[in-house]
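The values are calculated or read from the model by the stated rules, or taken from the named source; none is laboratory data. Note that the structure is a prediction, hence the values are computed from the model and not measured. With ideal geometry, Cβ positions are generated from the backbone for all residues, glycine too; neighbour counts draw on all protein chains shown.
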Amino acid sequence: MTLKTILYEEHIALGGKMVDFSGWQMPLHYGSQIEEHHQVRRAAGMFDVSHMMVVDLNGTQVREFMRFLLANDVGPASTPGKAMYSCMLNEQGGVIDDLIVYDRGENGFRMVLNAATRDKDLAWINRQTDAFDVTLQARFDLAMIAVQGPDARDRVLQILGDTLTAAIGLKPFFSTTENGFFIARTGYTGEDGFEIILPEERAADLWRQFHRLGVKACGLGARDTLRLEAGMNLYGSEMDENSSPLESGLAWTVAWQPAERNFIGRAALEAQRDVGLSSKLAGLVLDGRGMLRNNQRVLCERGEEGRITSGSFSPTLGKAIALARLPLDAGKRCEVEIRGKRVPATVVDPPFVRNGKPCIQTEGVTSDEQHT
């Protein structure tokens, strides 16, 4: 069955090219993916992300449960409004999903899950609740709009400032609830912005208000090139149930302390950490012309091989870029096999772009140690 978000008719009205994405009819673009990409980097764009799954968790043991469920740690005490990125692991340390969890104080926690993993995520979480006093509510009644870019904050406050006074001083990676809106200063583009969760019946009106203000609609294509430039992982590409956070450039999301906290997959991660890794997730920049694509073979300096996990053209840099799983001791130079030919590339530390500015030098392509 093909699913449609509450904003489907808005996408059609704007000329969206609709494609199937994990069973959902979603806009790939509205005419030009590159223009939409630049719109977010230079001003503000909006995305319909209502296909993602919002889950609310409550109960007397909800905090203990979250500290068991996730590799990152929500902590023993509440910090209302705080957002946290984490992986949810299986017993082998593989990533079932990556997600953002929001601390809602007395109202428990809110999680936003990936659309492609929604059903298996809900089944997994429900199984883990058996030993805890926790109630899970899947919020099928909500929509979600992300407004991203250097002008995003001004545009959101221009429309919702009177309604969401608490959002005016909202810090990055914090959230607030006011007048039926849940708004978080988070995103998936490497730019400032907000993700707004609201009742479905109010979503179309807000979408149109943003559009009238010049916040252009953007599709899945721009969302993918933006997140790739920002060095952000995509579930199913950079990580899955057969790869751990340590192998996927996400070791920073694993909270090892306190040592007594037992979370799902901890023993497997500790064993992997103690033995040591054989591969790493790195960035690639193609030296010349060509396109980097998922699953292309990478030939490293010492003869070892790797594989591209996500590759595309970077509109901001004007070069082909990729994330790739490489041998741990891979050097700074490599070749990518493109249509039977070996094309030279440079290994860099992601991100490639953050807050609209390159994090690498495109001439000679050396990594910017400051990542500014």
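Scanning segment 86-141 for residues that are under 22 Å from the mean Cα position of the chain (by Cα) and among the aromatic types (Phe, Trp, Tyr) returns 102, 109, 124, 140. Screening residue 273 against (1) closer than 12 Å to residue 244 by Cα; (2) part of a loop (DSSP other than H, G, I, E, B) leaves a single unmet condition, (2).
Among the residues of segment 2-11, which ones are outside any strand (DSSP E or B) and surrounded by fewer than 17 Cβ atoms within 10 Å (Cβ to Cβ)? Outline the logic, then answer.
Initial filter on segment 2-11 (outside any strand (DSSP E or B)): 2, 5-11.
Of everything in segment 2-11, those that are outside any strand (DSSP E or B) and surrounded by fewer than 17 Cβ atoms within 10 Å (Cβ to Cβ) turn out to be 2, 9.
Only residues that are basic (Lys, Arg) and surrounded by fewer than 17 Cβ atoms within 10 Å (Cβ to Cβ) were counted in segment 25-43, giving 1.
The residues of segment 294-346 that are assigned to a loop (DSSP other than H, G, I, E, B), of a type in the set (Gly, Ala, Ser) and buried (at least 19 other Cβ atoms within 10 Å of the Cβ) amount to a single one, 330.
Inside segment 214-251, residues that are part of a helix (DSSP H, G or I) and touching a strand residue (DSSP E or B) at 6+ places or on another chain (Cβ under 9 Å) make up a count of 12. Within segment 12-24, residues that are surrounded by 13 or more Cβ atoms within 10 Å (Cβ to Cβ) reach partners that are acidic (Asp, Glu) with beta carbons closer than 9 Å, at six or more positions or on different chains, in the pairs 16/10. Scanning segment 80-116 for residues that are more than 24 Å from residue 142 (Cα to Cα) and either touching a Lys or Arg at 6+ places or on another chain (Cβ under 8 Å) or not charged (D, E, K, R) (or both) yields 89, 90, 92, 93, 94, 95.
For every residue, the table says whether it meets (1) touching a residue at least 12 places away in the same chain (Cβ under 8 Å); (2) surrounded by fewer than 17 Cβ atoms within 10 Å (Cβ to Cβ).
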| residue | (1), (2) |
| --- | --- |
| 242 | yes, yes |
| 245 | yes, no |
| 250 | yes, no |
| 259 | no, yes |
| 263 | yes, no |
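Among the residues of segment 115-151, the ones that are surrounded by fewer than 18 Cβ atoms within 10 Å (Cβ to Cβ) and either under 19 Å from residue 223 (Cα atoms) or small (Gly, Ala, Ser) (or both) come to 4 in all. Please tell me if residue 72 is surrounded by fewer than 18 Cβ atoms within 10 Å (Cβ to Cβ) and not in a strand (DSSP E or B). No, not satisfied.
Can you tell me which residue among 236, 221 is on the phi > 0 side of the Ramachandran plot, within 17 Å of the chain's Cα centre (by Cα) and outside the structural domain of residue 311 (by TED's automatic domain parsing)?
Values: 221 fails: on the phi > 0 side of the Ramachandran plot.
Of 236, 221, the one residue that is on the phi > 0 side of the Ramachandran plot, within 17 Å of the chain's Cα centre (by Cα) and outside the structural domain of residue 311 (by TED's automatic domain parsing) is 236.
Within segment 267-289, identify whether any single residue is more than 22 Å from residue 327 (Cα to Cα) and modelled with pLDDT under 95, and answer yes or no.
Just the residues of segment 267-289 that are more than 22 Å from residue 327 (Cα to Cα), to begin with: 267, 288-289.
In the following step, the residues that additionally are modelled with pLDDT under 95 were identified as 288-289.
Checking segment 267-289: at least one residue is more than 22 Å from residue 327 (Cα to Cα) and modelled with pLDDT under 95.
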